[in-house]
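As structure tokens, the structure follows; a few thoughts come after it.
The values are calculated or read from the model by the stated rules, or taken from the named source; none is laboratory data. Keep in mind it's a predicted model, so treat the numbers as computed, not measured. Note that each Cβ is placed from the backbone with ideal geometry, even for glycine, and that neighbours are counted across all protein chains shown.
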Amino acid sequence: MRLTLHQLRIATQGALPAAIGRGVAALLLLFTAPVAAILWMRGARIRRTPRMGRHGALVMEQTLVNRSGAPVALFHAIPRLVNLAKGDLGWVGPAVQTMGPSQLRTEQGRVAASMPPGIFSTWRLRQRTNVDFGSQTDIDAEYVRKRSPRANGGIILRSLLTSVYGGESRAALTGRADILGLPLDNLSMDQAIDAIVTPAAPGRLRQVSFVNVDCVNLSYRDGAYRNTLLQSALRLPDGIGLRIAGRILRSEIRQNVNGTDLFPLLLARLATTGQGLFLLGGRPGVADDVAAWAQANYPGVRIAGAAHGYFAAGEEAALIERINHSGANILLVAFGAPRQEKWIERHAGRLRVDSALGVGGLFDFYAGRIPRAPQWLRELGLEWTFRLYQEPGRMWRRYLVGNVVFLSRVMKERAKRQLGVGQIQEQVNS
Ligand code: UDP
């Protein structure tokens, strides 16, 4: 049988970059081996951690640990270069994992495992900036299907950049994260959706509020809004700013649970449960466009109704009647913060839905009125820079001034806490 040129190209696809990657690792190993030898003489040892390699093969990932078992600072990765040189790990690939080969039972799992796992990966990158939505297997399979030298370069670059403000956390995850006096529900995206679709007790509307940096700043100027946030059933941490604040205040944020990423995942869930959705807000026509988009992309979804957000006070009672008679279980309100949160609170007693969410500008994204930041910017935690670029006139105050004000409040809070700890220690000592 003769191979055509095309078949040959497919069979060898990625072989050259892989060979280059192994060569680079071997070269680096040559230069760093003396360092490893010195550390070894001083008591450092190689730890071998079992990993799932290509097609489910067992791979022993090697790292350098000191006597106490902790990774050696700076140089712990030297022995891993052996894995890279041998090719059982790659520089970029599906995420390294300990998981058993059970994932090989699905098609997605087999695609994800068809390459050696990479020490840089889309999944790990997204974990760093808290945008690791969906399953690891799906993200890995998507990487394998779309991989290219250019994509790999981007993943390495973004991983290095985000290691400055992402990276491994030190603080433990707890159910509540406290950011500047606002207790946040520290849920994953999936857990948040679980909570939102759970039927509420009759007459007990569940108000769901997303809290981003701008909302926190707003809550300092607007006490009524702060109270509205505090009485919400769920407060969900939205955006990279809160994650950074969580790092600084030792109150780790689990995931970036923002409305824009939540919306399609919520639709996917509603398509299976059959619960109805009402879309309220935006300029005339926008909510209808979002409804059409949702219907086209999630055919099982039941859109109970849609209405724009520019109604007169006199029309409000009829609007609420319409929502209540639509059979909607979940209501999205997009008037922008803080108007939407206050509106939901004001009418909570009359709205007969299980959950009402204030979702800000997300209708404008899904109606196609405003393009959303590209994935690579989101992975960097820099979606906000895209909003600033789109509407500098309206956004400069929110982002350029707001972020600085927010960060300075966070630093002040940390200083206050450290002072507090210092005083307690003084008392203990005296
Ligand atoms: N909006 C509305 N009714 C109003 C004022 C605003 O429906 O009386 C809509 C507006 O059309 C836009 C959204 O509310 O779609 C506010 O978007 P913005 O980007 O300001 O919200 P953010 O996400 O910043 O809170």
Kindly indicate the residue of the stretch 95-108 that is at pLDDT 90 or above and surrounded by fewer than 21 Cβ atoms within 10 Å (Cβ to Cβ) and also nearest to I244 (Cα to Cα) among those meeting that condition. Q108
Quick check on my filter: what residues within the stretch 323-376 are aliphatic (A, V, I, L, M), within 16 Å of the ligand (Cβ to nearest atom) and in contact (Cβ under 8 Å) with a residue 24 or more places away in the chain? I323, L331, L332, V333, A334, A337, I344, A356, L357, V359, L362, A367
Would you confirm whether or not the stretch 110-126 contains a residue that is part of a helix (DSSP H, G or I), hydroxyl-bearing (S, T, Y) and closer than 24 Å to E379 by Cα? yes
Taking only pairs six or more apart or across chains, which ones have beta-carbon atoms under 9 Å, a first residue in the stretch 14-35 that is of a type in the set (S, T, Y), and a second residue that is assigned to a helix (DSSP H, G or I)? T32/L81
Looking at the stretch 313-320, can you tell me whether even one residue there is at pLDDT 95 or above and in contact with a strand residue (DSSP E or B) (Cβ under 9 Å, 6 or more places away or on another chain)? yes
List every residue pair whose Cβ atoms sit under 6 Å apart, with the two residues 6 or more apart in sequence or on different chains, where the first one lies in the stretch 269-297 and is more than 13 Å from A334 (Cβ to Cβ) and the second, anywhere, is among the hydroxyl-bearing types (S, T, Y). A271/Y298; W293/Y366
Per the filter on the stretch 159-189, residues without any contact (Cβ under 8 Å) to a residue 60 or more places away in the chain and at negative phi are S159, L160, S163, V164, E168, G175, R176, L182, P183, D185
If a residue must be surrounded by 15 or more Cβ atoms within 10 Å (Cβ to Cβ) and over 31 Å from the mean Cα position of the chain (by Cα), how many such residues does the stretch 80-94 contain? 2
Out of W91, W123, I need the residue that is of a type in the set (F, W, Y) and free of Cβ contacts under 8 Å to residues at least 40 places away in the same chain. Which one? W123
Can you name the residue in the stretch 306-322 that is within 15 Å of the ligand (Cβ to nearest atom) and closer than 17 Å to A356 by Cα and is also surrounded by the most Cβ atoms within 10 Å (Cβ to Cβ) among such residues? A306
Consider the stretch 277-305. How many of its residues are within 17 Å of R352 (Cα to Cα), under 26 Å from the mean Cα position of the chain (by Cα) and more than 16 Å from the ligand (Cβ to nearest atom)? 1
Can you name every one of the strands (runs of 3 or more DSSP E) wholly within the stretch 20-98 that holds 2 or more residues which are under 25 Å from R150 (Cβ atoms) and of a type outside the set (G, A, S)? 90-92
Residues of the stretch 188-220 classified as outside any strand (DSSP E or B), in contact with an Asp or Glu (Cβ under 6 Å, 6 or more places away or on another chain) and farther than 22 Å from A271 by Cα, total: 1
Look at L249 and say whether it is away from the ligand (no atom under 16 Å from the Cβ) and touching a strand residue (DSSP E or B) at 6+ places or on another chain (Cβ under 9 Å). yes
